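The numbers here are math on the coordinates, done by the rules we state, and not lab data. Note that the structure is predicted; figures quoted are calculated from it, not measured. For neighbour counting, all protein chains shown are included, and Cβ atoms are generated from backbone atoms with ideal geometry for every residue, glycine included.
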Amino acid sequence: MLGTIINCVAIIIGSLLGLVIGRYYTEEMKEITIRGLGLITVMISIQMALLTASLEAHDFIVIIFSVVLGGVTGVALKIEDRLESLGQWLQEKTQTSTDKAKFIEGFVTASIIFETGPLAILGAINDGLRGDIGLLLIKSSLDGFVSIAFGASLGIGVIFSTIVVFFYQAPITLAAQFIEPFISEYVENMMNVVGGIIIFGLGLKLLDIKDIKVANLIPAIFWVIPLATLLNIILSAL
């Protein structure tokens, strides 16, 4: 679990640096920073999708079912509502002077961006199986720099996203030996695409174009594993 701990520390350090920088930010600067992050988030989502070779018809079946089933699962589990409630509870317990809505936005937004993508899952699996923290070190570097920008613009709530990071990645590390056999290159590619779609939704939210409850789509990442594996088996049998 060393990789996940390093990941959390990187986010905390980055967020603290962001808070220091944020003191010199005017509201107009913070506004344009958030919109800039929205554009970068959209770019990241597109890049994630483009990392995969051109998709075929059966690939879209996996993507569509993953997103639909993931969204239904997320709504049933009330993931977004629970994240917001946790953020509100943390804000009250820490008695921070930060505006409550801004604290929750920082907490939820950072939690989603840090955990939506295959690096969180694949890195946690490698850490659990082989003690290889290479992927999580890469993720830690990326998250650290991103948290500087988020900390400066969205405030102290970003730091508390480490709670979600830890309790998301740690169980995957512990269950690594059961998950790893199902993560083929094809599954990883589909996870990239679905993760890109979810991150694109977050970008629209940061750009204030559409307030999508993106956290409710996170289960789509996990639906990819059985659906893509099943499709592989069917195609192999034909």
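State log₁₀ I(q)/I(0) for the chain at q = 0.10, 0.13 Å⁻¹ as given by the Debye formula over alpha-carbon point scatterers of equal weight, solvent excluded.
At q = 0.10, 0.13 Å⁻¹ the computed log10 ratios are -0.46, -0.77.
What percent does the relative contact order of the chain come to when contacts are Cα pairs within less than 8 Å and at least six residues apart?
41 percent
Taking 0.36 nm per intervening residue step and subtracting the Cα-Cα distance, what contour gain separates Ser184 from Val20 on full extension?
Answer, rounded to one decimal: 54.8 nm.
Can you count the Lys pairs in the stretch 33-139 with C-alpha separation below 24 Å, eight or more apart or on different chains?
Close lysine pairs under the 24 Å cut-off: 4.
Could you work out how far the C-alpha centroid of the stretch 67-81 sits from that of the stretch 109-168, in angstrom?
Going from one Cα centre to the other spans 21 Å.
Find which of Met29, Val146, Gly134 sits farthest along the positive direction of the dipole of the chain, computed with +1 on the beta-carbon of Lys and Arg, -1 on that of Asp and Glu, about the Cα centre.
Met29
FRET efficiency for Ile212 and Gln88, Cβ-Cβ distance as r, R0 = 25 Å, nearest 0.05?
Computed FRET efficiency for Ile212 and Gln88 comes out at 0.80.
So, counting K/R as plus one and D/E as minus one, what does the shell of residues with Cβ under 13 Å around Ala76 add up to?
For residues surrounding Ala76, the net value is +1.
Gaussian network model of the chain, Cα springs within a sub-10 Å range: biggest mean-square fluctuation belongs to which of Ile163, Ile148, Ile79?
Answer for the Gaussian network model of the chain: Ile163.
Find how many whole Å separate the alpha carbon centroid of the stretch 188-238 from the alpha carbon centroid of the stretch 1-58.
If you average the Cα positions of each part, the centres end up 18 Å apart.
Taking 0.36 nm per residue of separation and subtracting the Cα-Cα distance, what length does fully extending Ala76 through Leu129 add?
Contour length minus the Cα-Cα distance gives 15.9 nm.
Which whole-number percent is the relative contact order of the stretch 1-129 (Cα, under 8 Å, 6+ apart)? Could you put the intermediate results ahead of the total?
Details: 25 pairs, mean separation 50.2, N = 129.
Taking the mean separation of contacting Cα pairs over the length of the stretch 1-129, I get 39 percent.
Based on Cβ point charges of +1 for Lys and Arg and -1 for Asp and Glu, what charge dipole magnitude is obtained for the stretch 2-237 about its Cα centre, in debye rounded to the nearest 20?
In debye, rounded to 20, the stretch 2-237 gives about 360.
Let me spell out the model: positive unit charges on the Cβ of Lys and Arg, negative unit charges on the Cβ of Asp and Glu, origin at the Cα centre of the stretch 94-156. What dipole size does that give, in debye rounded to 20?
60 debye
Compare Met48, Met29, Met190 in a GNM of the chain, Cα atoms joined below 10 Å, and give the one with the largest fluctuation.
Highest fluctuation of the listed residues: Met29.
Where does helix 134-154 land angle-wise versus the long Cα axis of the chain, in degrees 0 to 90, nearest 10?
40 degrees
Is it possible to state the helix-based mean residue ellipticity at 222 nm for the chain, with each DSSP H run of 4+ residues giving -39500 (n - 2.57), the sum divided by total residues, to the nearest 500 deg cm²/dmol? What is it?
-27000 deg cm²/dmol
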